[in-house]
Amino acid sequence: MDDNVEISVKNLSLWFGKFQALKNISIAIPKNEVTALIGPSGCGKSTFIKTLDRMNDLVDNVRITGEVIYKGRNILDDDTDVVQLRKEIGMVFQKPNPFPKSIYDNVAYGPRVHGIKDRKALNDIVEGSLRKAALWDEVSDRLNESALRLSGGQQQRLCIARLLAVEPNVLLMDEPASALDPIATSKIEDLLYELKREYTIIIVTHNMQQAARVATHTAFFLLGELIEYASTIDLFERPRDKRTEDYVTGKFG
Amino acid sequence: MKRLFPILLVAVLVAAAVFEAGCASNSAGKLQVAGSTSVQPHAEVLARAFQQNNSGTRVYVQGGGSSAGIQAVGEGTAAIGMSSRAVKASEIATYPTLKPVAIAVDGIAMIVNPKNPVNNLTMNQTRDIFTGNITNWNQVGGSDATINVINREQGSGTRDGVQTIVLKGGNFAGGIVLSSTGAIRTAVSQDVNAIGYISSAEVDSSVKAVNIDGAAPTYDNIANRSYKIQRDFFFVTKGDPSGLASQFINFTLGAGGQALLKADGLVSISDAQNASMTTSATK
Amino acid sequence: MAVRTLKRSRIKDAKGTTIELILLLCAVSAVAAIFLIIWFIFSEGLPFVLEAGPQFLTSSIWLPTDSFSDGSWGIFPILVGSLIVTFGAIGIGTPLGVACAVFLAEIAPPAVRRVLVPSINALAGVPSVVYGFFGLVVIVPWIRGQFGGFGTSVFASWVILSIMILPTIISISTDSIRAVPREYKEGSLAMGATQWQTIRSVMIPAASSGIIASVILGMGRAIGETMAVLMVAGNAVSIPNSIFAPVSTLTAQIALEMGYAAGAHRQALFAMGMVLFVVIMILTGLANLASRRRVT
Ligand SMILES: Nc1ncnc2c1ncn2[C@@H]1O[C@H](COP(=O)(O)OP(=O)(O)O)[C@@H](O)[C@H]1O
Ligand SMILES: [Mg+2]
């Protein structure tokens, strides 16, 4: 397998009951790059990235076929250590979801559940993660305050810091900026730019400018199908498929 | 809207008053009897027979305890009070016209588990058990085991009886408290080391009544007063009984009523030696 | 259709005010009833407490009589008994109830939940005398057989009361755990926390105000429960020296003696009711304080 590929998806199909939400998707996600998923609402973007860290397990009545190869094994297999998988492939959600705990406890949550108890080590992890998430300067003097008192943008960066604290390889981000104002959004985008040096990032967005700004590769989904997958420049400027062209030029969606 | 509430209130009060009056009224063929839970089951037997003999009459028998019964008579909310003890001086002080009449004699049996080897206790031993001076069955000829003392609650006529007759006014110490004859009988039947006390009329084969000072709580022993733990049951009225109350008391003291009480396990007042003088209260 | 005017309709207005009035009346009479009861208890009990003095709470000798001067009026063992019985029941019932709630909210398949939830709610409606009877014929003989003594005991009360408060704790806790936003759970799982870690560190803390509320209600039921305790506690007015010794509670003692009580004795029982009322107020206040502290 190509050394530059982090996750390789082959012939992935997914059904919610009788409804097929993903249709035979094959895609190779490059390592240490930002890959954007675009497409109209309901085309299966969220469903797709949830498959990558097995979060669809929480939904009843789901049936999946195909393969998702990560680190040389099909993570859809029953014997996958889901806990370890989710530690390595973390997710940031559309709506910021900090726990109703202090800022410190939010970031320390992951390390704690993974067995780190040493106070000093936790302090270092918390500070390091908040710095990476570009939040440290704003919250360093109020780590014991409730995370729910932060602004929406700060909350989302806290959620990213919380994820970084468990040292994942891959970050899945489902429209991380869609609930935020433009300034908070640009902060998140700057952050992505920093983070992609260390992490493989997959970001769902329906904001095409955002995809163009942050992603090296972009995939266009439509009605559960992967229509086109190319470098971001190619996809936006030289789309091969008529439907992609219609979408990126704003003719529908 | 504003006027409706007072009207409703008045309506409710009137209804309550009518209901109350209906309940306490004796002239309309209704008789209220209230008081001791020890007397209550016997009074209910009498009431059923009385109603059959006098069609159209209703006798309502309620528990509540001797004190409550006497108070109810004093206050006029019941025509007859049932009491398992003599009327107290303090009660006479509050309601000077109270008239008690003894209707039967009841023994209080000291009951133990049938498996308990102890068959005899002296009055003093019994007292020491209930005051906590004797705590092991081997002190009274039984096996080496802690005595599980079971009492009735404060205010119970049976407890009062034991306190007056056995403890001579001393205080109970230790033990648990159960609030009915049935509960005590069940507890004693389940517990080899238990001792409790219930009306001798209520003793059955699930428990064993011990002899006190050599006398078993039999009919004859209670009637001739050789079984010492016994008390008279009273009907109490306010002033001389009249109307239905008087009829009911006469029925109770007559041959028919006494036969019923006897069949129910009590000792007929006419068989009892030196029956209380208060019997003269009835005409 | 006729043109609707914007003028307010007199009839509709009158209807509105009438409904408002009725609601107000209901609210006022409910509150008034409560205050009436409180006032009644205090007006009967307070003079007694003032006469008896602090010994009413600190003395251990309870020998009630109709006249004040002949009796001994110490409810210390009864008060302690109420607290022991209540806290023991809470101590047993809370972990069990929360565990059941977690199971129902997070683990049980929907089919199981559909059967269990209504049955548990139905348990809340079983009359306490039934629980008491169960205790008397099953728990009490069992304790007597295993540990000796009467069987009617602190322990028997704990067992019965903790069973009785379970439905309250379970149903309210289940609801509050299910009301925790799914995002919290997803956030935790997406970081590689196990289901148990998620439940323990995120779900239960996030549901804690509801869980505490359920425990407060359970506590209210436990301390106020009368009939079932009366049947299994043994009702001995002395401080129990072991959990297998009999115990009396304020409610059971009041119920036992109310039927006979007259004069000072009756007043003393009202005073006990007043003490019970104050104890419940204090406990509820403390619990509310604790729950407010926890929520960040
Ligand atoms: N839990 C579910 N059960 C049934 N259908 C679902 C579920 N989640 C999503 N879907 C359906 O799958 C399709 C894809 O949804 P989603 O992945 O959320 O779309 P997107 O994120 O691209 O907007 C939609 O038609 C949606 O209605
Ligand atoms: Mg989506």
Global geometry of region C:146-296, whether rounded, prolate or oblate, following the gyration tensor of its Cα atoms and the 1.5 cut on a/c: prolate
Furthest towards positive pole of dipole, A:A219, B:I70, C:Q267, structure part the protein assembly as shown, Cβ charges: B:I70
Kirkwood hydrodynamic radius of chain A, Cα pairs, Å: 18.8
Among A:P182, A:P40, A:P239, residue whose mean-square fluctuation peaks in a GNM of chain A (springs only between Cα atoms under 10 Å): A:P182
Buried area at the C-B interface (accessible, heavy atoms, 1.4 Å probe, summed, Å²): 2000
Contact order normalised by residue count of region B:129-282, Cα under 8 Å, 6+ apart, percent: 18
Dimensions in Å of region C:2-52 - Rg and Dmax from alpha carbons: 22.4, 78
Mean separation of Cα contacts under 8 Å, 6 or more apart, over the residue count of chain B: relative contact order %: 26
In the C-A interface, the accessible area buried, summed over both sides, Å² (probe 1.4 Å): 1800
Surface per residue (accessible, 1.4 Å probe) for the protein assembly as shown, Å²: 46
Charge dipole (debye, nearest 20) of region C:72-295; +1 at Cβ of Lys and Arg, -1 at Cβ of Asp and Glu: 300
Heavy-atom accessible area, 1.4 Å probe, ligands and nucleic acids excluded: residues of region C:196-233 down by at least 30 Å² from chain alone: C:Q197, C:S201, C:V202
Residues losing 50 Å² or more accessible surface upon assembly, region C:240-264, compared with the chain by itself, 1.4 Å: C:L256, C:Y260
DSSP bridge orientation in the protein assembly as shown - percent antiparallel, rounded to nearest 5: 60
Computed over chain A: relative contact order in percent, which uses C-alpha pairs under 8 Å that are six or more apart: 27
Candidates per GluC sites (Glu not before Pro) in region A:91-193, loop by DSSP, up to 16 other Cβ within 10 Å: A:E145
Rg [Å, one decimal], Dmax [Å, integer] - chain C, C-alpha atoms: 24.4, 87
DSSP-defined beta bridges in chain A - what % are antiparallel, rounded to 5: 60
Long-range amide H partners of A:L22 with built H, under 5 Å: A:L14
Sulfur and carbon atoms: percent of accessible area, region C:2-52 [1.4 Å]: 75
Portion, in percent, of the accessible area of region C:72-295 that falls on carbon or sulfur, probe 1.4 Å: 70
Occluded residues from region B:28-65, i.e. those whose accessible area drops by 50 Å² or more once the chain is not alone (1.4 Å probe): none
Neighbour-limited loop hits for trypsin sites (Lys or Arg not before Pro), region A:96-126 (at most 13 other Cβ within 10 Å; DSSP other than H, G, I, E, B): A:K117
Ordering of A:169-180, A:70-81 by packing [mean C-beta count within 10 Å, highest first]: A:169-180, A:70-81
Ratio of the Cα radius of gyration of region A:110-253 to 2.2 N^0.38 Å, where N counts its residues: 1.23
Antiparallel bridges, percent of DSSP beta bridges restricted to chain B (to nearest 5): 60
MRE, 222 nm, helices only [DSSP H, n ≥ 4, -39500 (n - 2.57), over chain A, to nearest 500]: -10000 deg cm²/dmol
Alpha carbon convex hull of the protein assembly as shown, volume per residue in cubic angstrom: 276
Top positive-direction residue, dipole computed over the protein assembly as shown with Cβ charges, set B:N113, B:A89, C:V202: B:A89
Reachable lysines, given that their alpha-carbon falls under 30 Å from the alpha-carbon of B:K208 and they are not under 8 places away in the same chain: B:K115, B:K168, B:K228, B:K262
Magnitude of the charge dipole, region A:1-125, Cβ model with Lys/Arg +1 and Asp/Glu -1, debye to 20: 420
Stokes-Einstein D for region B:47-139, Kirkwood Rh over Cα pairs, 20 °C, 1.002 mPa s (µm²/s): 125
Neighbour count of at most 12 Cβ within 10 Å plus DSSP loop: longest trypsin sites (Lys or Arg not before Pro)-free window in chain C: C:9-296
Accessible area of region B:107-223 belonging to carbon and sulfur atoms, whole % at 1.4 Å probe: 44
Exercise: per-residue mean of other protein chain Cβ atoms within 10 Å, C:179-185: 3
Three-way shape call for region B:107-223 based on the alpha-carbon gyration tensor, with the a/c threshold at 1.5: rounded
In region A:221-252, chymotrypsin sites (Phe, Trp or Tyr not before Pro) in a DSSP loop with at most 13 other beta-carbon atoms within 10 Å: A:F252
Partner lysines for A:K95 [C-alpha distance under 22 Å; skip if fewer than 8 residues away on the same chain]: A:K45, A:K50, A:K87, A:K132, A:K187, A:K196, C:K185
Estimated dipole of the protein assembly as shown in Debye, rounded to 20 [Cβ of Lys and Arg +1, of Asp and Glu -1, Cα centre]: 1620
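The values are calculated or read from the model by the stated rules, or taken from the named source; none is laboratory data. These figures come from a predicted structure and were not determined experimentally. Using ideal geometry, Cβ is built from the backbone for each residue, glycine included, and neighbour counts are taken over all protein chains shown. Note: areas computed on protein heavy atoms with side chains; ligands, DNA, RNA excluded. Shrake-Rupley method; radii C 1.70, N 1.55, O 1.52, S 1.80 Å.
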